[in-house]
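J.: Have a look at the structure that comes next, please.
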Amino acid sequence: MHLVPEHEDTPAMTAAPQARSGRRRGLRVTGLVAASALALAGCQGQVSNGFMPQSISDSGDRVTNLWVGSWIAVLGVGVITWGLMLYAAIRFRRRKGDEALPVQLRYNVPVELLYTIIPVFMVAVFFYYTARDEAALTDVSQTPDVTISVVGKQWSWDFNYVDSNVYDTGVHTNLTGEEGARENMPVLYLPVNKRVEFVLNARDVIHSFWVPAFMTKLDMIPGKTNRLQIVPSQTGEFQGKCAELCGTYHAEMLFMVKIVSQEEYDQHMADLEEIGQTGQIPVDASREEMVEGDAELIPEPARSGSN
């Protein structure tokens, strides 16, 4: 009888586990590749805009370009970092026969300068492009084609169409889960391809004017006046909402945006006038007293109301 010592492996004992381990690794890799392919297939056609929603405004295009450019830079840094990590793991791995620990403390001044200067340079570049685009997004120096005073209130919206001297007012959208609940939310009409200036105020607490398809939002602060200019570039209906937690029914502080032709916009202004919604809802009728300089930014008809 031949006895095999416990510490000695025979080919028959080692081949099978190695084969099974290889097959398991192969299956895992295949599964990962298949899952990645499926995920990418679901996102087909969106890589060019960084998987962001389709923009419907001039500001949205700028935000998309900043987003895509940032991801290209970050992925480039990631590839370099992952490559260096992989190189270090392979180059300095423990080899057969190594008994002593490697050097635990070692200085390399050029490398240390490299990973200090490069991050500072990257942050400076990101800051430059972010500041540049932020300045463009908040620029209100151009003369708008349409001016709309928007007032946020718990938990709905008032819209003063300043140029047409008409208004629309809303109540909070009670989402009961039943059909037709959304039909009662206020609707903001905008003419396509026209520069619209929104004069933003809050009547009670901090709100935020947000139309996700515009890819731009701006806070509405009691006593203060913020302004935002947008050029809608596509007709259709789009969801708007408050983006600042403002109380119990914040989730139901919704409105719809209808971007229409100039003719349809003019017709809606005439319809509001016909049903008696002429004049302007007073913006300064709020909990907080308006700051003097900010009060002057509100168009005169809407400042104290004219209806």
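The values are calculated or read from the model by the stated rules, or taken from the named source; none is laboratory data. The model shown is predicted, which means the values in this text are computed figures rather than measured ones. Because the Cβ atoms are built from the backbone with ideal geometry, glycine has one as well, and the counts that use them run over all protein chains shown. Accessible surface is based on the protein model in full, side chains and every heavy atom, while ligands, DNA and RNA are left aside. Shrake-Rupley method; radii C 1.70, N 1.55, O 1.52, S 1.80 Å.
J.: Restricting to region 184-210, what's the tally of residues that are of a type in the set (Lys, Arg), in contact with a helix residue (DSSP H, G or I) (Cβ under 8 Å, 6 or more places away or on another chain) and buried (at least 17 other Cβ atoms within 10 Å of the Cβ)?
T.: Of the residues in that region, 0 qualify.
J.: Moving on to the next point. Go through region 53-101 and give me each residue that's assigned to a loop (DSSP other than H, G, I, E, B) and open to solvent by less than 90 Å² (accessible area, probe 1.4 Å).
T.: Once the filter is applied, which keeps residues that are assigned to a loop (DSSP other than H, G, I, E, B) and open to solvent by less than 90 Å² (accessible area, probe 1.4 Å), region 53-101 yields PRO53, SER55, ILE56, GLY97, ASP98, ALA100.
J.: Also: Can you find a residue that is surrounded by fewer than 10 Cβ atoms within 10 Å (Cβ to Cβ), modelled with pLDDT under 85 and in a helix (DSSP H, G or I) anywhere in region 171-183?
T.: yes
J.: Considering only residues of region 102-132 that are assigned to a helix (DSSP H, G or I) and either among the charged types (D, E, K, R) or touching a residue at least 60 places away in the same chain (Cβ under 8 Å) (or both), which is farthest from ARG62 (Cα to Cα)?
T.: GLU112
J.: Let me ask something additional. Please pick out the residue among ALA270, ALA213 that is open to solvent by 30 Å² or more (accessible area, probe 1.4 Å) and at pLDDT 90 or above.
T.: Answer to the check: ALA270.
J.: Restricting to region 148-164, give me the number of residues that are open to solvent by 30 Å² or more (accessible area, probe 1.4 Å), in a loop (DSSP other than H, G, I, E, B) and either of a type outside the set (S, T, N, Q) or under 17 Å from LEU190 (Cβ atoms) (or both).
T.: The total comes to 3.
J.: Are any residues in region 168-183 more than 27 Å from the chain's Cα centre (by Cα) and either closer than 15 Å to ASN201 by Cα or of a type in the set (A, V, I, L, M, F, W, C) (or both), and if so, which ones?
T.: THR169
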